[in-house]
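Take a look at the structure set out below.
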Amino acid sequence: MAETAQEILKMIEDQNIELIDLKFVDLYGIWQHCTFHKSLIEEESFLNSGGVAFDGSSIRGWKAINSSDMAMVPDPTTAWIDPFMEVPTLSMVCTIVDPRTGQMYERDPRSIAQKAVDYLISTGIGDKVFCGPEPEFFIFDDVRYGQEGHTGYYAVDSSEGSWNSGSSEPGGNLGFKIGKKRGYFPAAPSDTLQDIRTEMLLTMAKCGVPIEKHHHEVAAGGQCELGIRFSDLVHAADYVQTYKYVVKNVARKYGKTATFMPKPIHDDNGSGMHSHMSIWKDGQPLFAGDKYAGLSQMALHFIGGLIRHAPSLLAFTNPTVNSYKRLVPGFEAPVNLAYSAGNRSASIRIPLSGSNPKAKRLEFRCPDASSNPYLTFSAMLCAGLDGIKNQIDPGEPLDVDIYEMSKEELAKVPKAPANLGEALANLERDHEFLTAGGVFPEDFIYNWIAMKMEGEVKPISKLPTPYEFELYYDC
């Protein structure tokens, strides 16, 4: 992996690379890109005082037309040859700067992630935060949807789905369909996606992502997961973006379609992005100790911050209306704002990591991959740091079987927000932990709330659904 601008420029020259593709993330977590001839990339392109100029006025939620000039600054440590482009093209991930000031753009998610790390260092609490994301996704054979004033519909299909057990298929229906909640680790011929997942995993490795494993996930209809190793916060978010890019493009190569939508299939498990996190200082892990589940007091206070701020935190970690179709009881969904060493319905789990203190971490199970990973990891860190600074007590762990708890007992356990509107309202009331240290500008937070309310919550609340016709057409 290249580390410096000089190494990148040498690579371009030695490998006779003509084209450089610069990628950056918008507020919604979607990669945008522009491809430049190598003659436009020089050493100054890698400096905040230079960069590569572009017009940011058409990026959703960004600059107005009268202040649209911006610059991309590529990170040389993110360089890889894009496997989906016919002409050899060097890809790099960028942060966005304001060319007038040379400062990081306040609405650039990657810049916010860097500021979150800088804030951690400034507190003296630690100097590095490691993140280990676990994005899940579905691979479908067909997807169709539409919405107009007089009609609305969607349909997804997978040859693996149990609903196709009676379908007529080319060459005959060979059976071995996967039933609801029976998709975890089945072998072939039930698992038909082995080869496509293998290609996804190995392609990610060629793009610099540290890989571990792959497997089928719980839900019927092609739910999968590729395992990647932990990394520092900014690069972990970079890897999530690469992960999604590779998954979608390899699926398309196979004539299939992949989605990270949290709940595309009703009444089966949804797709999350369980996110592991730990803080280190001077090369030493700070979350290992002699408290509950081998945690340190600092780690427990970090958990306290996550639990206290979760109702507003979820506006970033679960930022879509569809996110809350996943956060419902009965599907291993983390709806209870509590922590536990083994209870997967708790929002925070302490993985069994053995005796090695370097492996001690917590797992926040609420996030999903419809979120922007830079914002998700930054918001998690800010909430945890607030817990450490204010020594927030996380309360007692939720180690009992929730299905054995009485309604009265369960009512005492705080719950995740029921919908996106509720999470955004909580964010408006509780966001000082995000603005501390200048990580999230207040303008960014109010822009986020307005963007989500006006662009998603309000429009969707006005749309009739097919099920409403089933319930009410004969009223």
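General observations
- In the stretch 107-190, counting only strands (runs of 3 or more DSSP E) that sit wholly within it, the ones holding 2 or more residues that are in contact with a helix residue (DSSP H, G or I) (Cβ under 7 Å, 6 or more places away or on another chain) and open to solvent by less than 30 Å² (accessible area, probe 1.4 Å) span 128-140.
- Whichever residue in the stretch 340-351 is open to solvent by 10 Å² or more (accessible area, probe 1.4 Å), closer than 12 Å to Leu362 by Cα and over 21 Å from the mean Cα position of the chain (by Cα) and, among such residues, is modelled with the highest pLDDT: Ala341
- When the criteria are applied in full, Ile81 fails the requirement of being among the aliphatic types (A, V, I, L, M) and crowded, with 17+ Cβ neighbours inside 10 Å.
- The stretch 290-319 residues that are closer than 15 Å to Cys366 by Cα, paired with ones that are open to solvent by 30 Å² or more (accessible area, probe 1.4 Å) and assigned to a helix (DSSP H, G or I) (beta carbon under 6 Å, 6 or more apart): Gly305/Asp386
- Search result, residues across the stretch 384-402 that are open to solvent by less than 20 Å² (accessible area, probe 1.4 Å) and out of contact with any strand residue (DSSP E or B) (no Cβ under 9 Å at 6 or more places or on another chain): Gly387, Ile392
- Ser355 being open to solvent by less than 10 Å² (accessible area, probe 1.4 Å), more than 29 Å from Pro441 (Cβ to Cβ), without any contact (Cβ under 8 Å) to a residue 60 or more places away in the chain and among the polar types (S, T, N, Q): no
- Screening Phe364 with (1) open to solvent by less than 30 Å² (accessible area, probe 1.4 Å); (2) modelled with pLDDT under 95; (3) among the aromatic types (Phe, Trp, Tyr) gives one miss only, at (2).
- Considering the stretch 431-467, and only residues there that are part of a loop (DSSP other than H, G, I, E, B) and in contact with a Leu (Cβ under 9 Å, 6 or more places away or on another chain), the residue that is nearest to Gly149 (Cα to Cα) turns out to be Phe440.
- Residues of the stretch 191-208 that turn out to be part of a loop (DSSP other than H, G, I, E, B) and open to solvent by 20 Å² or more (accessible area, probe 1.4 Å), as a count: 2
- Of the candidates Gly384, Gly342, the single residue that is outside any loop (DSSP other than H, G, I, E, B) and in the same structural domain as Met261 (by the TED database) is Gly384.
- Any hit, the stretch 67-81, residues being in a loop (DSSP other than H, G, I, E, B), under 19 Å from Val246 (Cβ atoms) and at pLDDT 90 or above: yes
- Condition check for Asp14: acidic (Asp, Glu), loosely packed, with under 14 Cβ neighbours inside 10 Å and either more than 17 Å from Tyr239 (Cα to Cα) or touching a strand residue (DSSP E or B) at 6+ places or on another chain (Cβ under 7 Å) (or both): yes
- Test: residue in the stretch 86-98 that is part of a strand (DSSP E or B), hydroxyl-bearing (Ser, Thr, Tyr), surrounded by 20 or more Cβ atoms within 10 Å (Cβ to Cβ) and touching a residue at least 12 places away in the same chain (Cβ under 8 Å): yes
- Test: residue in the stretch 46-55 that is assigned to a helix (DSSP H, G or I), among the aliphatic types (A, V, I, L, M) and not assigned by the TED database to the domain that holds Trp280: no
- No other residue among Ala251, Ala236, Ala220, Ala258 is within 13 Å of the chain's Cα centre (by Cα) and either crowded, with 24+ Cβ neighbours inside 10 Å or hydrophobic (A, V, I, L, M, F, W, C) (or both) apart from Ala236.
- Residues (in a helix (DSSP H, G or I) and either touching a helix residue (DSSP H, G or I) at 6+ places or on another chain (Cβ under 8 Å) or open to solvent by less than 30 Å² (accessible area, probe 1.4 Å) (or both)) located in the stretch 403-426: Leu410, Leu420, Gly421, Glu422, Ala423, Leu424, Asn426
- Single residue of the stretch 282-295 satisfying the filter (under 14 Å from Pro351 (Cα atoms) and surrounded by 20 or more Cβ atoms within 10 Å (Cβ to Cβ)) that is nearest to the chain's Cα centre (by Cα): Phe287
- Complete set of residues in the stretch 319-330 that are out of contact with any helix residue (DSSP H, G or I) (no Cβ under 6 Å at 6 or more places or on another chain) and surrounded by fewer than 20 Cβ atoms within 10 Å (Cβ to Cβ): Asn322, Lys325, Val328, Pro329, Gly330
- Among the candidates Ile303, Ile279, residue that is in contact with a Gly (Cβ under 6 Å, 6 or more places away or on another chain) and open to solvent by less than 20 Å² (accessible area, probe 1.4 Å): Ile279
- For the stretch 209-228, filtered to residues that are at pLDDT 95 or above and assigned to a loop (DSSP other than H, G, I, E, B), the residue that is farthest from Lys23 (Cα to Cα) is Pro210.
The values are calculated or read from the model by the stated rules, or taken from the named source; none is laboratory data. Keep in mind that what you see is a predicted model, and the values were worked out from it rather than measured. So basically every Cβ, Gly included, is an ideal-geometry build from the backbone, and we count neighbours across all protein chains shown. To get the accessible areas, we keep the full protein, side chains included, count just its heavy atoms, and leave off ligands, DNA and RNA. Shrake-Rupley method; radii C 1.70, N 1.55, O 1.52, S 1.80 Å.
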